[in-house]
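Where a number appears in this text, it was derived from the coordinates with a stated rule and is not lab data. Just so it is clear, the model here is predicted, and its values are computed rather than measured. Ideal geometry is used to build each Cβ from the backbone, glycine not excepted, and the neighbour counts take in all protein chains shown.
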Amino acid sequence: MEIKIIQNYILYLIKECGLSVSLHPFQDETLITDSTLMNFNIHDNSYCSYVKSLPNGHTECITCQKKVFSQCCQTNENFCHVCYAGVKEYIYPLHNKESIIGFISVSGYACDNKEQHISFLAERFASNLEVVSGEYNRLKANMPEKERIDTLILPLCKMLELAYLKEINDPKSASLNEAICHYIQRHYSMDLTTDLICKKFSCSKSCFSHSFKSYTKKSFREYLTDIRLNHAKQLLEYSNLNVTQISFSVGFNDSNYFSNVFKQKIGVSPLLYRKNKESIKRMLG
């Protein structure tokens with residue numbers, strides 16, 4: 001199954017069906033992390049972006065995702081889940097022939113006992129209760145019936161399963177650079193540095209810099225920036241997050257710096273990029 005077909009179907013689910021669909025790979029999965037499908041590895045609602053911008057918020061979210069993955073392995077079935085921050089979602093395990101290597105999330109819905117979650121989050125991160133409540137109220141109030149979501153998401157599961165089977169029958173050779181690219185693509189929103197990469201993969205700076213640039217045709221910093229900007233473009237097109245929220249969500253600690261880098265690389269400011277894309281969508285109907 002071509003990646004482009006899968007990508008177009010996800011965009012259909014997002015744009016035409018109004019679903020917040022995200023892909024969450026684990027272990028040594030490469031089909032998603034080494035392709036444009038990695039653009040969908042994020043919850044595109046303002047509340048989740050706000051939570052991740054809080055101190056240790058992103059770490060908490062990663063921990064929560066690992067628990068969801070464990071539940072997928074235990075049940076091997078689709079289920080409804082409420083994360084620690086009070087976001088309700090449907091979870092669909094992803095299979096790679098014999099094992100579960102991730103899951104699909106249809107997220108962005110408020111839960112019934114939202115006051116409890118709002119109070120917990122405000123206390124957990126020492127945040128203003130009114131601010132947390134305001135962000136939480138941007139979540140969708142009504143969750144679609146699971147039968148409808150099954151009809152839309154199960155075909156996506158099958159598409160990915162077929163793509164995984166094709167990848168297994170035509171495996172890629174493992175290499176240090178592939179492993180590093182895989183790591184960067186999964187952790188692009190973190191504060192990644194050359195020192196951190198070299199320490200994690202036990203290689204010298206000079207060896208890493210030369211080898212990585214030869215493999216990717218880009219420096220480490222260029223490669224990381226391009227990944228972050230690709231995710232930013234996706235959020236500008238298909239989410240309601242503002243520029244500051246997007247900049248923090250993709251790994252920039254300064255929204256002004258993000259805007260400058262975006263304009264330098266893409267040719268227009270983030271706001272103009274979003275405006276142009278919206279104009280094109282209107283012209284296409």
(request) Enter the Cα centre distance for the pair region 85-117 and region 191-220, rounded to the nearest angstrom. (result) 34 Å
(message) Using the Karplus curve 6.51 cos²θ - 1.76 cosθ + 1.60 with θ = phi - 60°, what ³J(HN,Hα) values do you get for each residue of region 66-73, in whole Hz, with x for Gly and Pro?
(response) 5, 5, 5, 4, 4, 5, 4, 5
(message) Quick one: 3J(HN,Hα) in Hz for region 74-85, Karplus 6.51/-1.76/1.60 with θ = phi - 60°, rounded, Gly and Pro as x.
(response) 6, 8, 6, 9, 6, 7, 9, 9, 10, 6, 4, 8
(message) Suppose the chain between residue 226 and residue 191 were pulled fully straight at 0.36 nm per residue; how much longer would it get relative to their current alpha carbon spacing?
(response) 11.1 nm
(message) With a 10 Å cut-off between alpha carbons and a GNM built on the chain, which of 212, 248, 201 moves the most?
(response) 201
(request) Using the charge dipole of the chain (Lys, Arg: +1 at Cβ; Asp, Glu: -1 at Cβ; taken about the Cα centre), state which of 249, 183, 204 has its Cα farthest towards the positive end. (result) 204
(request) Rounded to whole Hz and in sequence order, give me ³J(HN,Hα) for region 195-209 from the Karplus expression 6.51 cos²θ - 1.76 cosθ + 1.60, θ = phi - 60°, writing x for Gly and Pro. (result) 4, 5, 5, 5, 5, 5, 9, 6, 9, 7, 4, 5, 5, 5, 4
(request) Send over the Kirkwood Rh of region 1-145, from the inverse of the averaged 1/r over different Cα pairs, rounded to one decimal Å. (result) 16.0 Å
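Percent of alpha carbon pairs in the chain separated by more than 34 Å? Show your work: numbers first, answer last.
Values: 8198 of 40470 pairs.
Taking all Cα-Cα pairs of the chain, the fraction more than 34 Å apart is 20 percent.
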(request) Starting with the highest mean, order 37-45, 218-226, 232-240 by the number of other Cβ atoms within 10 Å, averaged over the residues of each peptide. (result) 37-45, 232-240, 218-226
(message) For region 128-267, report the % of Cα-Cα distances exceeding 20 Å.
(response) 65 percent
(request) Could you pull out every residue, at least 5 positions away or on a different chain, whose amide H is within less than 5 Å of the one on residue 79? Hs are placed 1.01 Å off N in the peptide plane, and Pro or chain starts have none. (result) 91
(request) For residue 143, enumerate residues with amide H under 5 Å from its amide H, sequence gap 5+ or separate chain, H modeled in the peptide plane. (result) none
(message) Rounded, prolate or oblate for region 127-169? Axes are the square roots of the Cα gyration tensor eigenvalues, ordered a ≥ b ≥ c, and the cut-off for rounded is a/c under 1.5.
(response) oblate
(request) For the pairs 52/213; 67/265; 114/146, note any where the Cα-Cα span goes beyond 26 Å. (result) 52/213; 67/265
(request) Springs between alpha-carbon atoms under 10 Å, Gaussian network over the chain: tell me which of 189, 107, 202 tops the mean-square fluctuations. (result) 202
(request) Provide the descending list of Cα extents for region 193-285 along its principal axes, expressed in whole angstroms. (result) 51, 24, 19
(request) Give the long-range amide H neighbours of residue 108: residues separated by 5 or more places, or on another chain, with amide H under 5 Å away, using H modelled in the peptide plane at 1.01 Å from N. (result) 88
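Run through region 28-129 and list the trypsin sites (Lys or Arg not before Pro) located in a DSSP loop whose Cβ has at most 16 other Cβ atoms within 10 Å. Don't jump to the answer; show the numbers that get you there.
Details: sites: 52, 66, 67, 88, 97, 114, 124; in loops: 97.
Of the trypsin sites (Lys or Arg not before Pro), the ones in loops of region 28-129 whose Cβ has at most 16 other Cβ atoms within 10 Å are 97.
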(request) In debye, nearest 20, what is the charge dipole magnitude of the chain about its Cα centre with +1 on Lys and Arg Cβ and -1 on Asp and Glu Cβ, if you could check? (result) 920 debye
